[in-house]
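Below you'll find the structure, written out as structure tokens, and then a few comments.
The values are calculated or read from the model by the stated rules, or taken from the named source; none is laboratory data. What you see is a predicted model; the values in this text were computed from it and never measured. Cβ atoms come from the backbone with ideal geometry, glycine included; neighbour counts cover every protein chain shown. Keep in mind that these areas ignore ligands, DNA and RNA; they rest on the heavy atoms of the full protein, side chains included. Shrake-Rupley method; radii C 1.70, N 1.55, O 1.52, S 1.80 Å.
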Amino acid sequence: MNSSGFFLSLLAVVNAMSPYLLLGFLIAGVLHVYVPKRFYLRYLSRDNKLSVLWAALLGIPLPLCSCGVIPTAVGLKNEGASKGAVASFLIATPQTGIDSILATFSLMGLGFAVVRPVAALATGLCGGLLVNRFVRDDAVAVPTGQCSLSTEKGSRLWQVLRYAYFDMIQDIGLRLTIGLLIAALIGVVVPDEFFLSFGSQPLLQMLVILVVAVPMYICSTGSIPVAAALIMKGLSPGAALVMLMAGPAVNIASILVVRKSHGSRFTWIYLLTIVVFSILFGLLVNAIGIGADIMPTCGAMHGGCCPSEATAPSIFPTICSALLVLFIIIALSMKFFSKFKKQNVAEGTVVYTVEGMHCNHCKASVEQAVSKLKGVTAVEATPAANTLVVTGTAEESDIRKAVEQAGFEFKGVKE
């Protein structure tokens, strides 16, 4: 493999996405800080079609992944959201977000940028209505605690910037980086029009993508460069959309947690709705030719997707790329070193092991749930180390119950 070709391919993809990613992160930070959580709950509590629609509409712009959306959905249920609204939120939210919509436009064109939120809305709406119709109230486990993001310190501007360029990047930075590296590698290693060898069977392509994407965790933003690179190598646009829908929306971990929290029937509806609608929208994309937008979009990425066509990138995308790389390095470095952070085990402090925390939303959900217990004076969760440090006189059984009701696995005192 030509290392210079790989670097130029990577630079082209990063330069194309970085301005939109930085803008998307900023908008997500504004939504996180300035839109009250009660605003969402106001429209989700009734067991009707309108609450299902609002759940999907309100979830689509939120930058939550398939792991982060689960404790948030549990919190919505705790606050009184209907079971159909919870299902709609679970299905629609991780498929896309304001950051991934802008990144999709930057790399895959307007057609894909429009169809992704539309598909998420339709999928969430149908899944929520099916849950309302076929899942009885007693089939859903209703936790008794509350789960929401903890109160943040500092000015609102600082909260926006911290969430946008630190918390979010800690959550998705590694997967985004992996996605960019895979996209660049595909551009150099995979032969041109590789997937055309079975291009006459687009449904087969979609089924293969589903088998790979459903069990794995795929970030809604990090999957974009991979999908674009695969299309450039002959994958049908419909199969790429299947990856963009099903990959971020579900994975093995989320399936297990949803089943534990909401029951088997709820989980089957949740899973099958995502699979069926991703195939239907994939077939629709192939039928109307949306993928035609991708070729000129990639060709305009400051020199194209092919290293041989590369030209000097303009200044603004290069500055954005440098900033993005800097933010990723800072956020991931601090996340890595937090694994080795010395825990202050003072008198009355116990360190527990909690598994299933993958992002800052998970961290905030666990901390909020445990902090409400009587006798708890301080609590700190560290997802990277799978630890929960609790100070106070709360019983371990109560802490276990609070953690499990928030949707996570409590393993007891850390050895």
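For this structure, a couple of remarks:
- Neighbours by Cβ (under 8 Å, 6+ apart or cross-chain): first from the range 11-25, closer than 18 Å to Pro61 by Cα; second of a type in the set (A, V, I, L, M) and open to solvent by 20 Å² or more (accessible area, probe 1.4 Å): Tyr20/Leu102; Leu21/Leu102; Leu22/Leu323; Leu23/Leu102; Gly24/Ile98; Gly24/Ile101; Gly24/Leu102
- Test result for Val354, within 20 Å of Met168 (Cβ to Cβ) and in contact with a Leu (Cβ under 7 Å, 6 or more places away or on another chain): no
- Candidates Gly289, Gly187 - the one that is at positive phi, at pLDDT below 90, open to solvent by 20 Å² or more (accessible area, probe 1.4 Å) and small (Gly, Ala, Ser): Gly289
- Top-ranked residue of the range 372-400 - restricted to ones that are at pLDDT 90 or above, part of a helix (DSSP H, G or I) and not acidic (Asp, Glu), ranked as least open to solvent (accessible area, probe 1.4 Å): Ile399
- Wholly within the range 205-277, helices (runs of 4 or more DSSP H) carrying at least 3 residues that are surrounded by fewer than 21 Cβ atoms within 10 Å (Cβ to Cβ): 252-262
- Test: residue in the range 143-156 that is modelled with pLDDT of 80 or more, of a type outside the set (A, V, I, L, M, F, W, C) and either on the phi > 0 side of the Ramachandran plot or assigned to a helix (DSSP H, G or I) (or both): yes
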